[in-house]
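The values are calculated or read from the model by the stated rules, or taken from the named source; none is laboratory data. Everything quoted here is computed from the prediction, not taken from an experiment. Every residue, glycine among them, receives a Cβ derived from its backbone with ideal geometry; neighbour counts consider all protein chains shown.
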Amino acid sequence: MKKLLLFAFLTYNLSLITSSTHAQSFGGGLIAGATFSQLLGTDIYGFQKAGFVGGVYANRKIKTKSAVQIEMVFVQKGLRKFYKDTISGGTRFVNRNLNYIEVPLVFKSKLIGRFDFELGLSGAVLISTKFRNENGEGELYDFNQQTFNRFEFGCLGGLNFRISDSFDLNLRYLNSILRVRKHQAGQTQMYGGLRLNNGEYNSVLQVSLRYKFNNKEETKAE
């Protein structure tokens, strides 16, 4: 049922992107930037996994100071950590790559000056994953042998700064609402004093540059 709902969410958003290209209030452009990720629910913390985000977006004004935006991006998530083994003194590391096609649906509103704030939801499809540590590459080296869910559903919030008529700088935080993978069988973690097997969740900081196709000279009015 979850997979069906997420598939419907992605399909609906894609249809909106297609239909909005014919609207007079249509806006759109390109997205390119970097991601810094972690997997909540593991014992590895910190946004140490660097990745890439890139794609396209379309938006439509719904009021003078607000708009709805739909995006389609390729985004890299996961976790990464290098550390020294206190017993052997050797260097150890863990690196998990998660590659998604993601479709965020975002509400944007002007905040002050050239700043906008944004809130939204996103659906994503996992297209590939790879694990590597100091012992080698492959899923058999991962302590958690549970497979990652094919679909991800999350929420987001961020700030957008209008650099010029053609470029925006965007800072965004995204987090999974539904777990992307179960914990290893029998493994539990503390949540508010309770031991629950909630699983792992993507947590991502995203910085991107947005190029706008339609230069509407937004900055001249400010």
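Among the residues of the range 60-78, is any among the β-branched types (Val, Ile, Thr), at negative phi and free of Cβ contacts under 8 Å to residues at least 40 places away in the same chain? Yes; the residues of the range 60-78 include at least one that is among the β-branched types (Val, Ile, Thr), at negative phi and free of Cβ contacts under 8 Å to residues at least 40 places away in the same chain. Looking across the range 80-116 at every residue that is farther than 29 Å from PHE151 by Cα and either aromatic (Phe, Trp, Tyr) or touching a helix residue (DSSP H, G or I) at 6+ places or on another chain (Cβ under 9 Å) (or both), the one that is modelled with the lowest pLDDT is identified as TYR83.
Of the residues in the range 202-222, how many are of a type outside the set (Gly, Ala, Ser) and at pLDDT 95 or above? Number of matching residues: 8. ASP43 falls short on exactly one of the conditions (1) surrounded by fewer than 20 Cβ atoms within 10 Å (Cβ to Cβ); (2) modelled with pLDDT of 95 or more, and that condition is (2). Each residue in the range 36-68 was checked for being within 20 Å of ARG162 (Cα to Cα) and either of a type in the set (Ser, Thr, Tyr) or touching a Gly at 6+ places or on another chain (Cβ under 8 Å) (or both), and 11 pass. Taking every residue in the range 143-155 that is of a type in the set (S, T, N, Q) and pairing it with any residue that is surrounded by fewer than 17 Cβ atoms within 10 Å (Cβ to Cβ) and at pLDDT 90 or above, at least 6 positions away or on another chain, the pairs with Cβ-Cβ distances below 9 Å are ASN149/LEU178. Here are LEU178, LEU171: which of them is surrounded by fewer than 18 Cβ atoms within 10 Å (Cβ to Cβ), at pLDDT below 95 and of a type in the set (A, V, I, L, M, F, W, C)? Exactly one of LEU178, LEU171 is surrounded by fewer than 18 Cβ atoms within 10 Å (Cβ to Cβ), at pLDDT below 95 and of a type in the set (A, V, I, L, M, F, W, C), namely LEU178.
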